[in-house]
Amino acid sequence: MLSYRHAFHAGNHADVLKHYVLGLVLAYTVQKDKPYWYIDTHAGAGMYSLDEGYATQNAEFEQGINKLISAKNLPASLANYVAQIQSLNTGSTRLYPGSPSIAEQYLRADDKMRLFELHPNDYKILYENFHSFGKQVKIEMQNGFAGIKACLPPAPRRAVVLIDPPYEDKQDYEYVVDTIKDSLKRFPTGTYIVWYPILQREEPAQMIEDLMQLDVPDWLHVSMSIHAPSAEGFGMHGSGLFIINPPWTLPKTLAETMPVLTELLALDETAHFTLESHIS
């Protein structure tokens, strides 16, 4: 299924949550003076224009990143995320980074990225955005569920893996669980970040339950809903992240900032977040 284009949703509330948390994980990872790999199973195009093309059709960024850009007195970690977004924009052009471009900002000389994207058009843009990095960034037009197997374990024995398929195919939920199971066998100490949409259907909750039942010792689960589910039963009203082997600092940071983020992005009084974790 190749109809999904992330550009329609660039900079929306789900991107904000995903990329804010991804930045926190990577900032922690680079504190240690040892190389690591960033692996992105569904990398998308890497960078999106908010002034033209798909993103302008629903302008979801107006209820997402734009609200943070115009906010005052943000907590330091949220302000850092906003500063990263703004650093990519010079002049009148408005761009929003995909996860590979967020990760690029934490890439050091000895670190490497492995990016997978199956959609031919997005792959082409992704390649244009990252081919100049040479051997440091490997870009493959492949389904990351399959491609990740050849990456694990990574040579430096350190990695942050982002798994965020579009979930257009219901089987993606099962693929995520199967991929995590296989990845943990190959590389149990990696940090795995699973993004998922909150929908009026049972698959997302079932996937989280299945991930919980893997009984990994260290995990964090954060979710944010910004409005009540639609009466028609369609659409995404929130999103979440399940992280295996998260930084020990992450629960405290999110406990301090998720109330602020949820209030900023709320579209009605039902908006709320959940945060639970176990770190030994």
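Identify all residues within region 217-235 that are open to solvent by 20 Å² or more (accessible area, probe 1.4 Å) and among the hydrophobic types (A, V, I, L, M, F, W, C); write none if there are none. Outline the logic, then answer.
The initial filter retains those residues of region 217-235 that are open to solvent by 20 Å² or more (accessible area, probe 1.4 Å), namely 217-219, 227-235.
Across region 217-235, the qualifying residues are TRP219, ALA228, ALA231, PHE234.
Take the conditions of a type in the set (Asp, Glu) and either touching a residue at least 12 places away in the same chain (Cβ under 8 Å) or closer than 30 Å to PHE187 by Cβ (or both) and apply them to GLU209. Does it pass? Write out each step before concluding.
On the way: of a type in the set (Asp, Glu): yes; either touching a residue at least 12 places away in the same chain (Cβ under 8 Å) or closer than 30 Å to PHE187 by Cβ (or both): yes.
In short, yes.
Can you name every residue in region 117-127 that is open to solvent by 40 Å² or more (accessible area, probe 1.4 Å) and of a type outside the set (Ser, Thr, Tyr)?
Answer for region 117-127, where residues must be open to solvent by 40 Å² or more (accessible area, probe 1.4 Å) and of a type outside the set (Ser, Thr, Tyr): LEU118, PRO120, ASN121, LYS124, ILE125.
Under the condition of being assigned to a helix (DSSP H, G or I) and open to solvent by 70 Å² or more (accessible area, probe 1.4 Å), which residue from region 77-103 is nearest to LEU24 (Cα to Cα)? Explain how you work it out, then say what you get.
Taking region 77-103 as the starting set, the residues that turn out to be assigned to a helix (DSSP H, G or I) are 77-87, 99-103.
When the remaining residues are screened for being open to solvent by 70 Å² or more (accessible area, probe 1.4 Å), the result is 80, 86-87.
Working: ASN80: 10, GLN86: 17, SER87: 17 Å.
Per the criteria, the residue is ASN80.
Would you pick out the residues in region 152-164 that are in contact with a Phe, Trp or Tyr (Cβ under 7 Å, 6 or more places away or on another chain) and either among the aromatic types (Phe, Trp, Tyr) or not in a strand (DSSP E or B) (or both)?
If the condition is that a residue be in contact with a Phe, Trp or Tyr (Cβ under 7 Å, 6 or more places away or on another chain) and either among the aromatic types (Phe, Trp, Tyr) or not in a strand (DSSP E or B) (or both), then LEU152, PRO153, PRO154, PRO156, ARG158, ASP164 are the ones that fit.
Given the conditions (1) at pLDDT 95 or above; (2) surrounded by 14 or more Cβ atoms within 10 Å (Cβ to Cβ); (3) part of a helix (DSSP H, G or I), report the number of the one that ARG114 does not fulfil.
It is condition (3) that ARG114 fails.
Please go through region 177-199 and pick out each residue that is without any contact (Cβ under 8 Å) to a residue 60 or more places away in the chain, over 13 Å from TYR167 (Cβ atoms) and not in a strand (DSSP E or B).
ASP178, LYS181, ASP182, SER183, LYS185, ARG186, PHE187, PRO188, THR189, GLY190, listed by residue number.
If HIS19 satisfies all but one of (1) at pLDDT below 90; (2) crowded, with 22+ Cβ neighbours inside 10 Å; (3) in contact with a Pro (Cβ under 8 Å, 6 or more places away or on another chain), what's the number of the condition it fails?
(1)
The values are calculated or read from the model by the stated rules, or taken from the named source; none is laboratory data. Quantities reported herein were computed from a predicted structural model and do not represent experimental measurements. We place every Cβ from the backbone using ideal geometry, glycine too, and count neighbours over all the protein chains shown. Note: accessible area is taken over every heavy atom of the protein model, side chains too, but ligands, DNA and RNA are not part of it. Shrake-Rupley method; radii C 1.70, N 1.55, O 1.52, S 1.80 Å.
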